[in-house]
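The values are calculated or read from the model by the stated rules, or taken from the named source; none is laboratory data. All values derive from a computational prediction rather than experimental measurement. In this analysis, Cβ positions are derived from the backbone assuming ideal geometry, glycine residues included, and neighbour counts consider all displayed protein chains.
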Amino acid sequence: MCGNAMSSQIDPVTVSASGKHTATVIFLHGLGDTGHGWSYALSEIRQPHIKYICPTAPKMPVTLNEGYEMTSWFDLYTLNIGGREDEAGIKKAAALVQGMVEEEEKGGIPSNRIVLGGFSQGGALALYAAFTLEKPLAGMVALSSWLPLHESFPDAMKVNNESPILQCHGDMDPVVPYKFGQMTKSVLSKMCSNYTFNTYPGMMHSSSAKEMQDVKEFLDKVLPAV
């Protein structure tokens, strides 16, 4: 299945470093989206030493959307708290993302110069992949997101409980409700020593200029030029 996911995945959109490449951001889009939109958003806040990789998920039938086929990192059965989760799919997708970290390492970028991030379903996968990775990361970014398979933590946690985390959520989000973000905060703030949660009043299931500025400041801090 991992191989199928890899083969059906569209080549990632990459915003190359404009200077000497010393750090990488891997950013995962939300359900039904592609890497293109986020590659544009990240290019607006880019730093010359950072490469930004925005992969596109494979297409699959999504139970939440009545089996309609769309780009999705894993199946979604429900957005209800405590609802059934696609554990096998989440773990397979996490292995795919962890493989991208390894590819960057082969290219000379150590894991502690790599940030995993994402929006909505992509942010959920980024958190799970980071926490189950056995290598230290520079940090994590989760926008309008949640922690999947949360009951498996902290037991499933490997080494990234001390890596900086920026979680952002709009308090008017109708898709991934703000209370999901708050519940994730209650788990992560106990589990992780370097954690920030930002609330954006009036923001729905989207991003904003203020949020992207906060992401830029976070990336500048955890991936400084060397």
Report, by residue number, each residue of the stretch 135-170 that is in contact (Cβ under 8 Å) with a residue 60 or more places away in the chain and over 25 Å from residue 42 (Cα atoms).
149
Residues located in the stretch 59-82, provided they are free of Cβ contacts under 8 Å to residues at least 60 places away in the same chain, among the β-branched types (Val, Ile, Thr) and either within 15 Å of residue 93 (Cβ to Cβ) or not in a helix (DSSP H, G or I) (or both):
62, 71, 78
What's the number of the only condition in (1) surrounded by fewer than 15 Cβ atoms within 10 Å (Cβ to Cβ); (2) touching a residue at least 12 places away in the same chain (Cβ under 8 Å); (3) in a helix (DSSP H, G or I) that residue 210 fails to meet?
(2)
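For the stretch 23-41: of the residues being touching a residue at least 24 places away in the same chain (Cβ under 8 Å) and hydroxyl-bearing (Ser, Thr, Tyr), which is surrounded by the fewest Cβ atoms within 10 Å (Cβ to Cβ)? So that I can check it myself, show each step before the final result.
Of the residues in the stretch 23-41, the ones touching a residue at least 24 places away in the same chain (Cβ under 8 Å) are 23-35, 38-39, 41.
If we keep only those that are hydroxyl-bearing (Ser, Thr, Tyr) as well, we get 24, 34, 39.
Working: 24: 27, 34: 15, 39: 21.
The selected residue is 34.
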Of the residues 112, 65, 80, 4, which single one is surrounded by 13 or more Cβ atoms within 10 Å (Cβ to Cβ) and modelled with pLDDT under 95?
65
Every residue in the stretch 183-197 that is surrounded by fewer than 15 Cβ atoms within 10 Å (Cβ to Cβ) and in a loop (DSSP other than H, G, I, E, B), please.
193, 194
